[in-house]
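The values are calculated or read from the model by the stated rules, or taken from the named source; none is laboratory data. Predicted model, so just to flag it, every value in this text is computed and none were measured. With ideal geometry, Cβ positions are generated from the backbone for all residues, glycine too; neighbour counts draw on all protein chains shown. With ligands, DNA and RNA removed, areas are computed over all heavy atoms of the protein, side chains included. Shrake-Rupley method; radii C 1.70, N 1.55, O 1.52, S 1.80 Å.
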Amino acid sequence: MFRNLFNPKVKPEDKEPKRLWLDLGDLGDLVNPAGPHEQWQDHGMGLLRTILHQNGVMTDMFSTRQCTSWEEVEKRMKGYDMLIMNVRSYTFPIAYRSAQIFKKLNPKGIVLTGGMHATVALDEMLAVPEFDKICQGPGENVIVNLVTHPDAFPRVILGVGAKSMAEWPMIDRTLWPEPASKKLAAKFNWPLEPECGWGPPPVATILTSRVCPWQCAFCNENSYIPNMGRRPVDMVIEELNYLDETYGPIGSVVIHDSMFFQNPSWLEEWLDKYPRYANKTWPYWAAARADTVRQWPDLFEALVRKTNWSTVSIGFESGSDRVLKILNKECTEEDNYFAIDLLTRIGDDMEAKGLKPPVFWSNIMLGIPGETREDAFKTMRMIKYTKRMMPSISFYAPYPGSALGHQIIAEGKSLMSKENYHRYPDDEKVKGIDYQFYRDLLSGKYDDEINRGLATIRQQRTNYWDALAKA
């Protein structure tokens, strides 16, 4: 500081580096998105940028989702000393190309990467020479030092996370990317988020827990970050009230936890405090499991009725015990139907009282290795049996980091690669799967066979092709 006062020519090493945080996603998703989920914001990026800025470490930011061409991305990258990216498996191809562009424009620049793909597929990250630093695992307690002193770290860094989400600061949502078209901005409600079919806008998305403790064979989340203490109920409600008063009014809430319905003592506190202390008992989307619903049915029913849990997300995945075992789901057909019948009964009673009934948002997988046609018929019967369901159907995708994904990759059966990781729902992802059968199945070709196995048909629709969603 003393030297600068007397010498207006500041030495290059004393200049504050120009740092760019690049939010990753498909080109155009914040211009003219194909659907609502392309517009979701990255809580990991929001948290880490908040921590950086609170410590005086400033970053610029834009999103590939705000651009409609790679030429546009390139124009916005020039002149930076550092590029920071949070890389998921399905954004890996975008991160790879972005790093190449950055290095071409800024050959002396440093590229810092982290995120799930750095942990589940380190070999693929290491194979990209443009990735100068690769942080595995959580980054909240290492991000400041890593960004300010990258040369002090090896190429591969083990991240340091908080012991509890109570240690996290409230995310500064103005650090998230804005919609990039007037049409989208008119309905986006930034920095809150737009309506997605689960509740009225604007939407406040929030996390109360991090990482699902179960070990499903198709999921790689548990291999990424160890379990950590849940965010206290009071802090969750305080944040929602702040968002409502500052950017609202909030229309509905999405609790982005992979598994909300766990830890009964926390849920009981939520049941007690949310209706009393939230500015409004906003309707919300949150996730459960069929087996935990069956384990704590009274608590589940109380939450649905008293806290406005209006959209219950359950990954039923399959209606076949055989397939559920392949997936190591630790749920059974009986668990699935128990949860379906319970929410149907609750919904019928609420509807009879003139109240809006709760619905399922249900993740369903087809094209699972080892699945037979009869297994697939059982899954479709379960869907048709469910009275109030918004099915989200996808073809199984063998992502690295998951047990089944590793097996499929090791056997050379995966049709996905580092060049084409993505979340498109309807393309072919595994060798040897009869995808034409599944296309015919979703188009209603086998409805006579499916309906013969049903005593009650509650969903009369025949074509489920439009229910395909990103995996």
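Descending by average beta-carbon neighbour count within 10 Å, the peptides 57-68, 121-132 line up as 57-68, 121-132, the highest first. Using the Cβ-Cβ distance between Gln460 and Tyr435 with R0 set to 25 Å, the FRET efficiency works out to roughly 0.45. The distance between label points at Ser181 and Lys445 comes to 3.5 nm (points 7 Å beyond Cα on the Cα→Cβ vector). Rounded to the nearest 20, the size of the Cβ-charge dipole of the chain about its Cα centre is 800 debye, with Lys and Arg at +1 and Asp and Glu at -1. This model, with +1 at the C-beta of Lys and Arg and -1 at the C-beta of Asp and Glu, gives segment 167-266 a dipole about its Cα centre of some 320 debye.
The structure-derived value of Kirkwood radius over Cα pairs in Å appears in the list (1) 22.2; (2) 23.8; (3) 24.9 under the label (2). The apolar share of the surface of the chain, taken as the fraction of accessible area on carbon and sulfur atoms (1.4 Å probe, ligands and nucleic acids excluded), comes to 51 percent.
In order along segment 314-320, the phi-based Karplus estimate (6.51 cos²θ - 1.76 cosθ + 1.60, θ = phi - 60°) of 3J(HN,Hα) comes to 10, x, 5, 6, 8, x, 10 Hz; Gly and Pro are listed as x.
Remark: relative contact order (the chain) = 12 percent; criterion is Cα-Cα distance under 8 angstrom and separation of 6 or more residues.
For the chain, the longest principal axis of the C-alpha atoms and the axis of helix 373-385 are separated by about 80°.
On the beta carbon distance between Lys78 and Ala410, with R0 = 51 Å, the FRET formula returns roughly 0.75. Average accessible surface for segment 99-153: 39 Å² per residue, computed with a 1.4 Å probe over protein heavy atoms with every protein chain in place. Entry note, segment 175-259: relative contact order of 36 percent, from Cα contacts under 8 Å with a spacing of 6+ residues. For segment 2-162, the equivalent ellipsoid derived from the Cα gyration tensor has semi-axes of 26, 19, 16 Å, listed largest first.
Sorting 398-406, 192-200 by average packing, meaning the other beta carbons within 10 Å per residue, from highest down gives 398-406, 192-200. Our summary gives segment 2-162 a relative contact order of 21 percent, counting only alpha carbon pairs under 8 angstrom and 6 or more residues apart. FRET efficiency for the Asn32 to Tyr247 pair, using the beta carbon distance and R₀ = 25 Å, is estimated at 0.60.
Summarising the strand pairing of the chain, around 5 percent of its internal DSSP beta bridges are antiparallel.
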